[in-house]
Amino acid sequence: MTSAVYPPAVPARARNHPESTFGQVIPDEAELTAGVRIVPGRNYGFFTDTSLCIGCKACEVACKEWNALPAGDLRLSGHSYDNTGGLGAATWRHVAFIEQIEEAPGCRANLLKPFQSHWLMMSDVCKHCKRAGCLEACPTGALFRTEFGSVVVQQDICNGCAYCVPSCPFGVIEINFEDGRAHKCTLCYDRLKGGLEPACAKTCPTNAIQFGPVDELVTRARLREEKLHAAGVETAYLYGVPDGAGATGGIEQLYCFFLLLDRPEVYNLPVAPQLPSKRIPRSLGAGMATAAVLAAATAVLLAESPKKLQRKVTHASR
Amino acid sequence: MHPDKSAMQRPTVRMATAAPPVLPVFSAPVFPAYSGQTYYGIPPIKPSHYKWRTAVAFFFNGLAGGSQIIATKADWFAGADGRGIVRTGRYLAAAGATITTLTLISALHTPRRWYNMLRIYKPTSPMSIGIWAITPFTIFSVLTAAGQFLEDEGYSGAGGWMGRFFSLPSAALGSLVMTYMGTELEETNTPLWAEAHPAMAPLYAAAGMSNAAAALLLLIRSKKEAGAATLALQKLAFVSTAAELGLGGALDAARRRAPGTGSLRKTRYDAGYRMVSGAASGALILWLLDGMDRSRRPAAGMLASLLKLAGGMLWQWVTVYAGRESGRHPGDYFEYTRLHTNISATKHPAAPPPAEDAPPDQREKASAAVRSGKGYARSAGLRWSLIGIGSVALLLSFAKKVEGAYDREKR
């Protein structure tokens, strides 16, 4: 019901909280800020609409502030306005900047288009996949699926085996070498438990990052896609919806999905990511078959008649 | 850089005919062909953190698993001459398993929590499968070696019983211990490893067996225990090394055929990889010559063993480090996700179906991508299994023929 009208009307009880600084948490604050009542047992995620992103990086800052993440490399990278580089152990929201200044190859545009003005900006985040490569690879059970559908690393269990790191098809999770454990976006699990929406979604000034139940977000996203197509933006598509790019290879769906305006590789995303654990049966089966054949060969070779071999040894010693 | 809008089709909108669902259903847009663009050369995935500790652990893992299998088979099938193999094999398996366990624990970034691996068993994680193979394997191998030690110290009844009892589960787990490492590397998104599916696990099995046979041969011949079973062990080393070379060659050939990949050649470790093949081939030749040598001098056979073991260690090193480097090449990963996947299963094909007016090279690339994506994993697995089994059978018969010819000549 909320998907039909967005943003939804703010409930009347918002008038009960006129102050600027709060002494305590507003109960079910997400209902006031995102129109979502957060209940355990439903799958929640993000719809990141890159056609609304203005590249302010408020989401990066809010995420770092709320989760008390270290600053990282403070130098300029030379990669447009992206001085963060990518997601990592200390960066759980990363804004990518792609300048597409050429009107034709080798020819700079003199007139900027009214829509996007030759800029692509995307706020990248952990996709909280429906079938997550990191979760399926974790041997300690530190990575688990929460009651809100998100994927979280339990910091008191992770022993830093780093097997989740190459298993993620999107390069999200990483080891923090100072504390020896893996870190990634938690979908603000602590905020969700308190009835608040995640920090990045709350702070986004353009509502490019929308938080809500995944099924409602997908409905809303499809309406937005249709609206953009009708307005002449034919390149808009959804990345991470079921049966779409980004939800391939057994991943099924990304609970944090995107509306993109160019090929996924332009945003540093794979077009057809794979869930690695699907390949285990064939691989292990082939390996065990080889081991069985070689073990059988061992038995055959070792089980030779002692008499024949004794004769050979006697010949050799002469 | 500007998206070529003429290459993208306007998606068609089909309105639902029944009352629910309310929204129109969209068919997928078709992307323009991938022209090699990356995001400032920043890798889209994170390379693995496996380094020398993992390479060393994998080497000793295969060695231990193979040793236990060979020792157990010798215990059951070989005659009195095989007791040396049984003894050496059991000690080598226990030592290898212990080295592996300690090295893997030290490779963790929080080693004091190593036991958390044993909280759960997760069948979707090759590392979990591996941990639950290594842990009981180490325990059983140590108990088998303890039984062997008792037997050597004179308690032949109790020691023999203990050794034989624990060697059975140990050998059974040994085959899994030898093999799972290939699956663990392959079942990631590192391009070099993932594109080798499903050949990595068979390669690791063959490598484990050949390294174990080479190591046992080295230890036994250095003690001048040239029994009748030693000849059989040498034949096993020959056969398993040849199987490893064959599987590796098949994987190389498949990599060369696949369009757009060849990630190993782009790394710094290509020369090292060739040295591995050279070392294994050299070992094969030396063993063949040694088998035909009637004087039974141990030098050639021992040199072959050393060569094979050095090559085996080098292969583990190259595989781990080249994989890390391939994870840092964005183009490799994008090519892997486009080509080595069942792209036809998605509604967003990575390459559009070849258009009639597309330039010839673009058309070919598109159809090759769809073709190789669709059937690659399926047919390759069957092919490699047949190659593997066929080569082992062929080499077994060849080994027997050489022995038969030698026999006839002597008579």
Subset of segment B:120-140 [of a type in the set (Val, Ile, Thr), at the interface with chain A (Cβ under 8 Å from one of its Cβ atoms) and in contact (Cβ under 8 Å) with a residue 40 or more places away in the chain]: B:Ile129
Within segment A:214-225, residues being farther than 16 Å from A:Asp262 by Cα and of a type in the set (Asp, Glu) number 2
Top-ranked residue of segment A:27-56 - restricted to ones that are farther than 16 Å from A:Val214 by Cα and in contact with a helix residue (DSSP H, G or I) (Cβ under 7 Å, 6 or more places away or on another chain), ranked as surrounded by the most Cβ atoms within 10 Å (Cβ to Cβ): A:Ser51
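Would you please name the residue that is modelled with the highest pLDDT, looking only at residues in segment B:260-283 that are in a loop (DSSP other than H, G, I, E, B) and surrounded by 14 or more Cβ atoms within 10 Å (Cβ to Cβ)? Even if it seems obvious, please write down each step before you answer.
Of the residues in segment B:260-283, the ones in a loop (DSSP other than H, G, I, E, B) are B:260-262, B:267-269.
Filter once more, so that each one left must be surrounded by 14 or more Cβ atoms within 10 Å (Cβ to Cβ): B:260-262, B:267, B:269.
Numbers: B:Gly260: 54, B:Thr261: 56, B:Gly262: 56, B:Thr267: 68, B:Tyr269: 78.
Within segment B:260-283, the match that is modelled with the highest pLDDT is B:Tyr269.
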A:Leu196: more than 9 Å from chain B (Cβ to nearest Cβ), at pLDDT 95 or above and on the phi > 0 side of the Ramachandran plot, yes or no? no
Name every residue in segment A:202-235 that is part of a loop (DSSP other than H, G, I, E, B) and surrounded by fewer than 23 Cβ atoms within 10 Å (Cβ to Cβ), in order of residue number. A:Pro205, A:Thr206, A:Asn207, A:Ala231, A:Gly232, A:Val233, A:Glu234, A:Thr235
Please specify each residue of segment A:255-279 satisfying the condition of being over 30 Å from A:Tyr81 (Cβ atoms) and either more than 7 Å from chain B (Cβ to nearest Cβ) or open to solvent by 10 Å² or more (accessible area, probe 1.4 Å) (or both). A:Gln274, A:Leu275, A:Ser277, A:Lys278, A:Arg279
Which residues, counting only those in segment B:233-242, are open to solvent by 10 Å² or more (accessible area, probe 1.4 Å) and among the hydrophobic types (A, V, I, L, M, F, W, C)? B:Phe238, B:Ala242
Is it the case that B:Ala172 is in contact with an Asp or Glu (Cβ under 8 Å, 6 or more places away or on another chain) and either crowded, with 23+ Cβ neighbours inside 10 Å or not charged (D, E, K, R) (or both)? no
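For A:Ala89, are the conditions met, namely being out of contact with any Pro (no Cβ under 6 Å at 6 or more places or on another chain), surrounded by 14 or more Cβ atoms within 10 Å (Cβ to Cβ) and in a strand (DSSP E or B)? Break it down stepwise before answering.
Working: out of contact with any Pro (no Cβ under 6 Å at 6 or more places or on another chain): yes; surrounded by 14 or more Cβ atoms within 10 Å (Cβ to Cβ): yes; in a strand (DSSP E or B): no.
Judged against the criteria, A:Ala89 is not a match.
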Taking segment B:173-191 only, how many residues are touching a Pro at 6+ places or on another chain (Cβ under 6 Å) and without any contact (Cβ under 8 Å) to a residue 40 or more places away in the chain? 0
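Out of segment B:306-336, which residues are of a type outside the set (D, E, K, R), within 14 Å of another protein chain (Cβ to nearest Cβ) and touching a Phe, Trp or Tyr at 6+ places or on another chain (Cβ under 9 Å)? Walk me through it before giving the result.
Start the filter on segment B:306-336 by keeping residues that are of a type outside the set (D, E, K, R), which leaves B:306-307, B:309-323, B:326-327, B:329-331, B:333-334, B:336.
Within this subset, residues satisfying the condition of being within 14 Å of another protein chain (Cβ to nearest Cβ) are B:319-323, B:326-327, B:329-331, B:333-334, B:336.
Within segment B:306-336, B:Thr319, B:Val320, B:Tyr321, B:Ala322, B:Gly323, B:Ser326, B:Gly327, B:Pro330, B:Phe334 qualify.
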Looking only at helices (runs of 4 or more DSSP H) that lie completely in segment A:104-201, which have at least 2 residues being open to solvent by 10 Å² or more (accessible area, probe 1.4 Å)? A:133-137, A:189-193
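The values are calculated or read from the model by the stated rules, or taken from the named source; none is laboratory data. A quick note: this is a predicted structure, and the numbers were derived from the prediction, not measured. Cβ sites come from the backbone with ideal geometry, for glycine too, and all protein chains shown count toward neighbours. Just the protein is used for accessible areas: all its heavy atoms, side chains included, with ligands, DNA and RNA removed. Shrake-Rupley method; radii C 1.70, N 1.55, O 1.52, S 1.80 Å.
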